[in-house]
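Here is the structure we will look at, set down as structure tokens.
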Number of protein chains: 4
Amino acid sequence: MGTSNKKRAGIIGGAGYTGGETIRLLLNHPDVELAFVHSRSNVGNPLYAVHSDLLGETDLQFTGEVLEDVDVIFLCLGHGESVKFLENNDIPAAVRIIDLSQDFRLGESVKGRTFVYGLPEWHRDDIKKASNIANPGCFATGIQLGLLPLAKAGLLNEVHTTGITGSTGAGQSLQSTSHFTWRANNISTYKVLTHQHLKEIRRTLQALQPAYSGALNFVPVRGDFPRGIWVTSYLDCALSLEEAYDLYTKYYEGHPFTHVSLKQIDLKQVVNTNKCIIQLEKVDGKLVIHTIEDNLIKGASGQAVQNMNLILGLEETAGLKLKSIVF
Amino acid sequence: MGTSNKKRAGIIGGAGYTGGETIRLLLNHPDVELAFVHSRSNVGNPLYAVHSDLLGETDLQFTGEVLEDVDVIFLCLGHGESVKFLENNDIPAAVRIIDLSQDFRLGESVKGRTFVYGLPEWHRDDIKKASNIANPGCFATGIQLGLLPLAKAGLLNEVHTTGITGSTGAGQSLQSTSHFTWRANNISTYKVLTHQHLKEIRRTLQALQPAYSGALNFVPVRGDFPRGIWVTSYLDCALSLEEAYDLYTKYYEGHPFTHVSLKQIDLKQVVNTNKCIIQLEKVDGKLVIHTIEDNLIKGASGQAVQNMNLILGLEETAGLKLKSIVF
Amino acid sequence: MGTSNKKRAGIIGGAGYTGGETIRLLLNHPDVELAFVHSRSNVGNPLYAVHSDLLGETDLQFTGEVLEDVDVIFLCLGHGESVKFLENNDIPAAVRIIDLSQDFRLGESVKGRTFVYGLPEWHRDDIKKASNIANPGCFATGIQLGLLPLAKAGLLNEVHTTGITGSTGAGQSLQSTSHFTWRANNISTYKVLTHQHLKEIRRTLQALQPAYSGALNFVPVRGDFPRGIWVTSYLDCALSLEEAYDLYTKYYEGHPFTHVSLKQIDLKQVVNTNKCIIQLEKVDGKLVIHTIEDNLIKGASGQAVQNMNLILGLEETAGLKLKSIVF
Amino acid sequence: MGTSNKKRAGIIGGAGYTGGETIRLLLNHPDVELAFVHSRSNVGNPLYAVHSDLLGETDLQFTGEVLEDVDVIFLCLGHGESVKFLENNDIPAAVRIIDLSQDFRLGESVKGRTFVYGLPEWHRDDIKKASNIANPGCFATGIQLGLLPLAKAGLLNEVHTTGITGSTGAGQSLQSTSHFTWRANNISTYKVLTHQHLKEIRRTLQALQPAYSGALNFVPVRGDFPRGIWVTSYLDCALSLEEAYDLYTKYYEGHPFTHVSLKQIDLKQVVNTNKCIIQLEKVDGKLVIHTIEDNLIKGASGQAVQNMNLILGLEETAGLKLKSIVF
């Protein structure tokens, strides 16, 4: 396939973690060409000056301009920056937008652009027809993938969730809780029962189970590792383990990245991949659901590329057959 | 103070983690002399042949005999081994036993020896009068210290708890989940909602709040660090944060190792010490209680020495003013 | 390209670390089909029963038979096991062998099979014509790539080298030095100045610089991370930094995985890739050469696949455009 | 012993890592009272507001004043700040100064104050008579302790040294190389062959072996752990291993913190203690010397307290019998 047949993609905010991961995925994408990477603070520098692992992969440089002859633009900006960017720049209507911030996840719009929530395992067909995607949050992805089948079956009630995230979830800014000396071998929590992702989670779950009004109790934990999210949820459930397993495997049939297991799982099964693995347990009257994902891939840039594949009519897994780090 | 005035202590099972920590604490104890360290597999070896950090600290050797002219013996054996040891050895009745296994935590006795559950923050006066101590489990210590004040006030109902433990909690045996390559940067769970410590926890809580019958939902997590336990519990609670803080500080007044904080805590505040720090948060109608401890010290050997101090009439903090690792 | 046009590969010893990595690489290889994975202890089990990250990637099972209708077989066995395997099994002469053990790195042969040392950056053309490959050791790869240009230029003299390896270098067997509790936050050395890879290194260097007889002083260090090797070598050298950089960049021109940098490098630039990055420094009369690689990929399975590509006439980089873990 | 008989100590710069460690050591020191802790940016805050592990240990607050009725003042300031402090403050001549910066390690003086280099294993008797101490650098301590016996015997020649340091060696400022996401599982080097500690090392060694002019080649490595320094040095040496062991054990006889081993050592044997353990190996004509220390204790605050003990006539080990972290 010649370059001329490839789709063209651009990235706004290419110097951060999610920008870097999106670059890495697109550089190896078989059907998409990386047309430009925008970064105000790095104009003219080669990408590998910021993302040093790209040495030898590409000679592309950061640009200060936004090219318009592209099929899709990824916004890898901080929360609040995406809406400003779209207000201040006139992107042709034909250019699809995939926004990785939280600016449009709750139904917000800008200049007539409306956004579809980009969780393919919920409503892939809507995504295929969308022009603009609000990519889900990392914790939100892991928690929702653990609950979607129950919501669709109308079985949700009060949910108790713990999520443990790697340090990349907090971005690359220097802060006391990202200092190696502090974080190594350490554990702490933050935004207990008040995490901002609860809103987008509840919105999805209520779309599937409108009567759902139970509490979503979520304890977010800072883990002492760089990548990955572990989520454990449990709730009262009358299903047997076999029935639950059946419900989950049927729900995720045909979804190439989400897999269900009855065996003990561990986080490193999915680190550096776009996969989510779900493990089910039943203890007395409670169903326990564990989910694992890489927060930067299935929880951010990988899911963004998955959404791009869907809206551009490409193979859903294109560019996303990634080698796990595993060790 | 001359050596002749010191109390004398022996250790059975001195080659494992809790045995080693008990040795380290007793070597620096101002009022206690380490009389012998028993280990069947290491007779005649210097202690530092097994515990290599003790090079330069002591020339003591492991023995195969149990000396009887001691004031106290610590049993640092595997679960099930303590009861066998006491069945097979005639320890003089005057020698106090502090057992670190789970063999006697639920009221079991052997040869007429009955055991007091060694949680000083629950019933220190009973411990002072005891001859034999069943030292609490590591998770059990952290979870109970977070709930004791509520139980005493009769405020417990269904509790939701997550606990994250360092790898030392699993002992020094080689197993796939203790392989560095596997455990580094990894997260997993085990015994979800079924952990064996739930029994001793419930026993204590019901002693304080007899009508308590709510569920204790506990998700144990394997963390990727060697030392420490983080516990977060939450439950419905009508107290305001100020009232809860008041309840907790009053409860722990006079207890030298347990402190209450309204500021964010993190695990490394207590690693390598005998302290437990408790942080309280109130979110809507829920009280959130975080507790941190070193699983090998306050969760095992340090609490054992604290109990020894109490039953021998020594200062409760003697030998336990430990420098935190902090970083 | 249809499956029928793909080359076919088999793996002997598929349950270990290098076997697992070879599986992962071949499953995503565009031009090669994974025909069978042999493991005596896992016959009939799906690959993901051992390599749990492969859940959802393949339903292939371990076999107890060695298929003969393949183009190439990878031997991912322990040292000493490869020669036994080839003695005990009649592999058709047309089937290429790529051996990852150290059994054939010094010119050994078996049943008339002779082996070419598989370091493409040394003698790629010999590899292209080879039937059997002795894949280099992990430390040996990193050290040699740092010294090849000097050897070719006849500039080697006494070399001082430190190498720090991740825990995967020691394999998956359980041993005290691979226990998480011991290895986390720890450093130690082993086989100081006597490491077995020194032989294959010297053999290569003397092939390029026959008069080279200087000492190769190598201090191997166990690092507290799972993946990667860092090597620093220095030696007396009259070249300026510019001349050295010129020498190295010219030497590695056309080698797709090895890159030269004058900027500070760090290990994670190459983890989970087949790349080797070399950084040069000049301090007074000494040239300092740092090299980084993933010990399991460029140091083992990735280089094995690179060698396979070369002997089968495929693109050298096929199946090896891997996303770095980077964080 | 009543408080009135205790010596009194003050700390300038109490909010950093070495300040914090000095506080921790002095709070538990049997013969010294912590009179004040000065920190310009934290006046009026309790110590535990900065050093959160001190919650429950002390209610002392940071001061903005320098008390003069003390026996000793520790300067825990950045390099260049100590000389400024002493220029700008009139400290009574009777107050001893122990400076942890590098400002006075090479013989510098200020306002008539001259400083003795505080390495007790070199010249303890000089330290006992000193009024002001320049506390050695962390790498300098580890490297020198590995070479002192050879220097005294006149056996030094060209030395090849690698040192691996924990992240605390770089202090608490936020910088890209101290970001958890970057440093976890990573290795890098810095100041290769040019580290600033080489000057103080050479000065000591030449005091013992005046004719010593060989190169000191030192490769400093950033390790991915918070605490500790590992040093390996090797050099040509005609001594047998037994002779070298004899030389080292005799040299360190009577030095309570430095121990010599013929067994493999590992870093965690000394973390969180004031000890240095030295391991010797002999390979062909080369003597290999490994040394381990905690960079913040024997490499900084612990050695400072050891020096204080010596100049104040206290027991050398007072307040320094520390429990190792070991795991």
So, in region D:17-45, how many residues would count as being among the β-branched types (Val, Ile, Thr), part of a loop (DSSP other than H, G, I, E, B) and within 14 Å of chain B (Cβ to nearest Cβ)? 0
Would you point out the residue of region A:310-327, among those that are away from chain C (no Cβ under 11 Å) and in contact with a helix residue (DSSP H, G or I) (Cβ under 7 Å, 6 or more places away or on another chain), that is most open to solvent (accessible area, probe 1.4 Å)? A:315
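Residues checked against (1) more than 15 Å from the chain's Cα centre (by Cα); (2) more than 14 Å from chain C (Cβ to nearest Cβ); (3) not aliphatic (A, V, I, L, M):
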site	(1), (2), (3)
D:99	no, yes, yes
D:114	yes, yes, yes
D:134	no, yes, no
D:169	no, no, yes
Which residues, counting only those in region B:283-296, are more than 9 Å from chain A (Cβ to nearest Cβ) and either among the hydrophobic types (A, V, I, L, M, F, W, C) or without any contact (Cβ under 8 Å) to a residue 12 or more places away in the chain (or both)? B:287, B:289, B:296
Among the residues of region D:283-296, count how many are out of contact with any helix residue (DSSP H, G or I) (no Cβ under 6 Å at 6 or more places or on another chain) and buried (at least 23 other Cβ atoms within 10 Å of the Cβ). 3
Return the pairs, sorted by first residue and then second, in which the second residue is in a helix (DSSP H, G or I), the first residue lies in region C:241-266 and is within 14 Å of chain D (Cβ to nearest Cβ), the beta carbons are less than 7 Å apart, and the residues are 6+ apart or on different chains. C:262/C:245
Against the condition more than 10 Å from chain C (Cβ to nearest Cβ) and open to solvent by less than 10 Å² (accessible area, probe 1.4 Å), how does residue D:229 come out, does it pass? no
Residues (surrounded by fewer than 23 Cβ atoms within 10 Å (Cβ to Cβ) and at the interface with chain D (Cβ under 10 Å from one of its Cβ atoms)) located in region C:190-219: C:190, C:191, C:192, C:193, C:194, C:215, C:217
Residue D:173 being open to solvent by 30 Å² or more (accessible area, probe 1.4 Å) and not aliphatic (A, V, I, L, M): yes
Total residues in region D:267-277, condition touching a Lys or Arg at 6+ places or on another chain (Cβ under 6 Å) and either within 14 Å of chain C (Cβ to nearest Cβ) or part of a strand (DSSP E or B) (or both): 2
The residue that is nearest to the chain's Cα centre (by Cα), considering only those in region A:76-95 that are in a helix (DSSP H, G or I) and touching a residue at least 60 places away in the same chain (Cβ under 8 Å), is A:81
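Residues are listed down the side, and each one gets a yes or a no for (1) open to solvent by less than 10 Å² (accessible area, probe 1.4 Å); (2) without any contact (Cβ under 8 Å) to a residue 12 or more places away in the chain; (3) over 30 Å from residue A:74 (Cα atoms); (4) among the small types (Gly, Ala, Ser):
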residue	(1), (2), (3), (4)
A:121	yes, no, no, no
A:126	no, yes, no, no
A:136	yes, no, no, no
A:148	yes, no, no, no
A:159	yes, no, yes, no
A:164	yes, no, no, no
Considering only region D:1-18, how many residues are within 20 Å of residue D:78 (Cβ to Cβ) and in contact with a helix residue (DSSP H, G or I) (Cβ under 8 Å, 6 or more places away or on another chain)? 7
Does residue B:280 meet the test of being more than 10 Å from every other protein chain (Cβ to nearest Cβ), touching a residue at least 12 places away in the same chain (Cβ under 8 Å) and open to solvent by 20 Å² or more (accessible area, probe 1.4 Å)? no
Name the residues in region C:44-60 that are touching a helix residue (DSSP H, G or I) at 6+ places or on another chain (Cβ under 7 Å) and of a type outside the set (A, V, I, L, M, F, W, C), would you? C:48, C:51, C:52, C:53, C:57, C:58
Residue A:222 fails exactly one of the following numbered conditions: (1) over 28 Å from residue A:253 (Cβ atoms); (2) within 14 Å of chain D (Cβ to nearest Cβ); (3) surrounded by 24 or more Cβ atoms within 10 Å (Cβ to Cβ). What is the number of that condition? (3)
Are any residues in region C:261-277 buried (at least 24 other Cβ atoms within 10 Å of the Cβ) and in contact with a strand residue (DSSP E or B) (Cβ under 8 Å, 6 or more places away or on another chain), and if so, which ones? C:267, C:269, C:270, C:275, C:276, C:277
Quick check on region C:297-309. Is at least one of its residues within 13 Å of chain A (Cβ to nearest Cβ), of a type in the set (Lys, Arg) and open to solvent by less than 10 Å² (accessible area, probe 1.4 Å)? yes
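Can you find a residue that is part of a helix (DSSP H, G or I), away from chain D (no Cβ under 14 Å) and in contact (Cβ under 8 Å) with a residue 40 or more places away in the chain anywhere in region A:174-184?
no
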Quick one: residue B:14 ticks every box in (1) part of a loop (DSSP other than H, G, I, E, B); (2) free of Cβ contacts under 8 Å to residues at least 60 places away in the same chain; (3) closer than 30 Å to residue D:293 by Cβ bar one, so which box is it? (2)
Has region C:170-178 got any residue that is touching a Leu at 6+ places or on another chain (Cβ under 7 Å) and at pLDDT 95 or above? no
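The values are calculated or read from the model by the stated rules, or taken from the named source; none is laboratory data. For clarity, every value in this text was computed on a predicted model and none was experimentally measured. Quick reminder, even Gly has a Cβ in these numbers, built from the backbone with ideal geometry, and neighbours come from all protein chains shown. When the accessible area is computed, the model is the full protein with side chains, heavy atoms only, and any ligands, DNA or RNA have been set aside. Shrake-Rupley method; radii C 1.70, N 1.55, O 1.52, S 1.80 Å.
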